[in-house]
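For reference, the structure is listed below as structure tokens.
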Amino acid sequence: MARVVVDVMLKPEILDPQGRAVQAALTRLGLTGVADVRQGKRFEISLDGVLDEDRNETLNTLAAELLANPVIEDYSLRIEETQE
Amino acid sequence: MSPRVGVVTFPGSLDDSDTLRAVMAAGAEPVSLWHGDPSIGDVAAVVVPGGFSYGDYLRCGAIARFAPIMSAVVAGARDGLPVLGICNGFQILCESGLLPGVLTRNESLHYVCKDQSLAVGNTDSAWTRGYTADQVIVLPVKHGEGRYVADEHTLDMLAAEGRVAFTYRNTNPNGSFRDIAGITNEAGNVLGLMPHPEHAIETLVGTPGADGLTIFESAVSSLVASV
């Protein structure tokens, strides 16, 4: 069993209106000094069996084609745990 | 014989019925296509309508672009098939790579639903040739994620090549870059736009008039001419 985590964030130059709304709410609710909030997505993918080379490659491809849109988003992919 | 124009229905499509009707009003034979179909059959043009395909999960259009029928639509578009994407259809065409850029959450975070004044910026593409240069038209907009975003290089290229088909006038409802409401591909056979031409095809009902009918008539008349 392997678990892979993919984090997807808007690129720094892309306006994040949702993050901005959250920032306003945090400030309204008493948190001082909120300089910026960016909202992203986290995917936790559990895979049966071992993450071999082939599946790792497919996963990387799909992270770029499906999970993230590289026009506006960056992503990072990491293998969190592997159990035989 | 009138040309056959396909309209794709995805799970969550909303405006497919109105679009089929608009195709008929423009003098073509409307053909319903299903997202799970592997082919588009013998249609001479395809419209990807508005709605919330696959619930807009992940990103608008991100899952729909991988629907079986989209391979045929993309292949056809690359061979010159006229393809129109309206609202969610525009989002799907961007995600599929037929059009550059992407549609993001409205700057205001509000869903907008109103009649919108537009300037026509392109009158020689498959779907816009019925308009006159700099014509002002009114179409309804209704979307929460219609803010067109692309890098500066792409925006400059679109402007230089005359591919900005429509821009918002007076007010920009979503904060789109350079007031862009619709763009075409390089060859001009693919158009994507956020406003809804299919909701403005007759003066009797609905909204602002019949300015939207010209989009459908533009494509249909050239299909008739080529038969």
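How far apart, in nanometres, would the label points at B:S17 and B:N170 be if each is projected 7 angstrom from Cα along the Cα-to-Cβ direction? Taking the simple label geometry, B:S17 and B:N170 are separated by 3.0 nm. When restricted to Cα atoms, the range B:4-226 yields an Rg and a Dmax of 15.5, 44 Å, respectively.
Comparing B:E217, B:E198, B:E29 in a Gaussian network model of chain B where C-alpha atoms under 10 Å apart are linked, the largest mean-square fluctuation is found at B:E29. I need to check one value: relative contact order of chain A, counting alpha carbon pairs closer than 8 Å and at least 6 residues apart, in percent. This gives 54 percent for chain A. With θ taken as phi - 60° and the Karplus curve 6.51 cos²θ - 1.76 cosθ + 1.60 applied, the whole-hertz 3J(HN,Hα) list for the range B:105-120 is 3, 3, 4, 6, 6, 8, 6, 10, 9, 6, 7, 10, 7, 10, 9, 7 Hz, x standing for glycine and proline.
Ordering of B:30-40, B:95-105 by packing is B:95-105, B:30-40, highest average first (other Cβ atoms within 10 Å, averaged per residue).
Evaluating 6.51 cos²θ - 1.76 cosθ + 1.60 at θ = phi - 60° for every residue in the range A:50-58, the Karplus couplings come out as 8, 7, 7, 4, 4, 5, 4, 5, 4 Hz, glycine and proline recorded as x. Counting Cβ atoms of other protein chains within 10 Å of each Cβ in B:148-155 and taking the mean gives 2.
Listed by chain and number, the lysines whose alpha-carbon sits under 23 Å from that of A:K41, ignoring those within fewer than 8 places in the same chain, are A:K11.
Per-residue 3J(HN,Hα) values for the range A:21-36, derived from phi via the Karplus relation 6.51 cos²θ - 1.76 cosθ + 1.60 with θ = phi - 60°, read 5, 5, 4, 5, 5, 4, 5, 4, 8, x, 7, 8, x, 7, 7, 6 Hz in sequence order (x marks Gly and Pro). At a Förster distance of 22 Å, what's the computed FRET efficiency of B:S71 paired with B:E186, Cβ-Cβ distance as r, to 0.05? Computed FRET efficiency for B:S71 and B:E186: 0.60. Which one, B:Y111, B:Y148, B:Y131, has the greatest fluctuation when you compute a Gaussian network model over chain B with C-alpha springs under 10 angstrom? So, out of B:Y111, B:Y148, B:Y131, the one fluctuating most is B:Y111. Fewest neighbouring Cβ atoms within 10 Å first, the residues B:M1, A:M9, B:M194, A:M1 line up as B:M1, A:M1, A:M9, B:M194.
Largest mean-square fluctuation among B:C113, B:C60, B:C87, in a Gaussian network model of chain B whose springs join Cα atoms under 10 Å apart, belongs to B:C113.
Considering every residue in B:50-58, what mean count of other chain Cβ atoms within 10 Å of its Cβ is obtained? Could you put the intermediate results ahead of the total?
Working: counts 0, 0, 0, 0, 0, 0, 0, 0, 7.
If you average over the peptide's residues, the count of other-chain Cβ atoms is 1.
Any read-out appearing in this document is the output of simple, stated calculations on the displayed coordinates, not a laboratory observation. Since the structure is predicted, the reported quantities are computational estimates derived from the model, not experimental observations. When we count neighbours, we look across all protein chains shown, and the Cβ atoms used for this are built from the backbone with ideal geometry, even at glycine.
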